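Below is one structure, written out as structure tokens, with a few remarks after it.
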Amino acid sequence: MADPGRLEELLYPGAEVYIARSNSKQKGRRTCFDLRLVRAGRVLVSVDSRVPNELVGKLLRLQGLPPFAAYTDVRAEPRVASGRFDFCLRRDGQTPCYVEVKSCTLVRDGSALFPDAPTARGARHVRGLQELVSKGYRAAALFLVQRSDAKVFAPNTVLDPDFGSAFKEATSAGVEVYAYTCNVSLERISLAKEIPVHLTV
């Protein structure tokens, strides 16, 4: 499993899951398959946390994400003083933009919630984006909801108050936040639509 979260609402005895044979040569690997999808009612959910960066990276290079369509130079895993972020976007005449992508699989009553387990790393990332904004850069957090049934996105403040606090401070300081749902099938995953971001559920 590539997803480090709890996935309690998705993985339980009797849940319908889909696996794929792995070509990984990772040392110490003990299984030949990866868990890719889980069925939640009528909805397929991608639980592979590697997918969001791959999908967003492709869309950024194709200038297929409207908030970042002006950028032509896409660099993955840029290192800055506060650590690594997923992408740095550049173009002459444009303020450089750092983008951090997060995978979201938890949806309750139409609200996509992140995280589904306490994450000191997530809070650290949004604080790092806030620091970049204070230095004159553009910075954004992009939450990719790997399912199609979410109507809004919000931080899971009840589960992780520290992340919720960091999220609120960062947005107030100018960090941009975007959330998109995905169309998921047995054959492919694609971007569906942008959904509103709320500070609370």
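The values are calculated or read from the model by the stated rules, or taken from the named source; none is laboratory data. Treat the numbers as computed from the prediction; the structure is a model and nothing was measured. Using ideal geometry, Cβ is built from the backbone for each residue, glycine included, and neighbour counts are taken over all protein chains shown.
Would you please name the residue that is surrounded by the fewest Cβ atoms within 10 Å (Cβ to Cβ), looking only at residues in the stretch 11-39 that are in a strand (DSSP E or B), of a type in the set (A, V, I, L, M) and out of contact with any Phe, Trp or Tyr (no Cβ under 7 Å at 6 or more places or on another chain)?
The first filter runs over the stretch 11-39 and keeps only residues in a strand (DSSP E or B), leaving 17-21, 33-39.
Now narrow it down to the ones that are of a type in the set (A, V, I, L, M): 17, 19-20, 35, 37-38.
If we keep only those that are out of contact with any Phe, Trp or Tyr (no Cβ under 7 Å at 6 or more places or on another chain) too, we end up with 17, 35, 38.
On the way: VAL17: 13, LEU35: 17, VAL38: 23.
So, considering only residues that are in a strand (DSSP E or B), of a type in the set (A, V, I, L, M) and out of contact with any Phe, Trp or Tyr (no Cβ under 7 Å at 6 or more places or on another chain), the one surrounded by the fewest Cβ atoms within 10 Å (Cβ to Cβ) is VAL17.
Restricting the first residue to the stretch 75-103 and requiring it to be closer than 29 Å to ASP116 by Cβ, which pairs with a second residue that is of a type in the set (S, T, N, Q) and outside any loop (DSSP other than H, G, I, E, B) meet a Cβ separation below 7 Å and a spacing of at least six or different chains?
ASP86/ASN53; VAL101/ASN53
Mind listing whichever residues of the stretch 126-156 are among the hydroxyl-bearing types (Ser, Thr, Tyr) and farther than 16 Å from VAL107 by Cβ?
Once the filter is applied, which keeps residues that are among the hydroxyl-bearing types (Ser, Thr, Tyr) and farther than 16 Å from VAL107 by Cβ, the stretch 126-156 yields SER134, TYR137.
Which condition from (1) part of a strand (DSSP E or B); (2) more than 23 Å from PRO96 (Cβ to Cβ); (3) touching a Lys or Arg at 6+ places or on another chain (Cβ under 9 Å) is the one that VAL201 breaks?
Every condition holds for VAL201 apart from (1).
With the checklist (1) closer than 24 Å to TYR12 by Cβ; (2) in contact with an Asp or Glu (Cβ under 6 Å, 6 or more places away or on another chain); (3) surrounded by 21 or more Cβ atoms within 10 Å (Cβ to Cβ) in hand, flag the one item PHE85 doesn't pass.
It is condition (1) that PHE85 fails.
Run down ALA141, ALA123, ALA117 and say which single residue is of a type in the set (A, V, I, L, M, F, W, C) and within 16 Å of TYR178 (Cα to Cα). Steps first, please.
Values: ALA123 fails: within 16 Å of TYR178 (Cα to Cα); ALA117 fails: within 16 Å of TYR178 (Cα to Cα).
Going through ALA141, ALA123, ALA117 in turn, the sole match is ALA141.
Considering each of ASP162, ASP86, ASP116 in turn, give the residue that is more than 21 Å from PRO67 (Cα to Cα), modelled with pLDDT of 95 or more and among the charged types (D, E, K, R). It would help to see each step written out before you state the result.
Details: ASP86 fails: more than 21 Å from PRO67 (Cα to Cα); ASP116 fails: modelled with pLDDT of 95 or more.
Every option except ASP162 fails the conditions.
Can you name the number of the only condition in (1) surrounded by fewer than 19 Cβ atoms within 10 Å (Cβ to Cβ); (2) within 27 Å of GLY110 (Cβ to Cβ); (3) touching a strand residue (DSSP E or B) at 6+ places or on another chain (Cβ under 6 Å) that VAL99 fails?
Single failed check for VAL99: (1).
Taking the stretch 43-95, which residues are out of contact with any helix residue (DSSP H, G or I) (no Cβ under 9 Å at 6 or more places or on another chain) and in a helix (DSSP H, G or I)?
VAL51, PRO52, ASN53, GLU54, LEU55, VAL56, GLY57, LYS58, ARG61, PRO66, PRO67 - these are the residues of the stretch 43-95 that are out of contact with any helix residue (DSSP H, G or I) (no Cβ under 9 Å at 6 or more places or on another chain) and in a helix (DSSP H, G or I).
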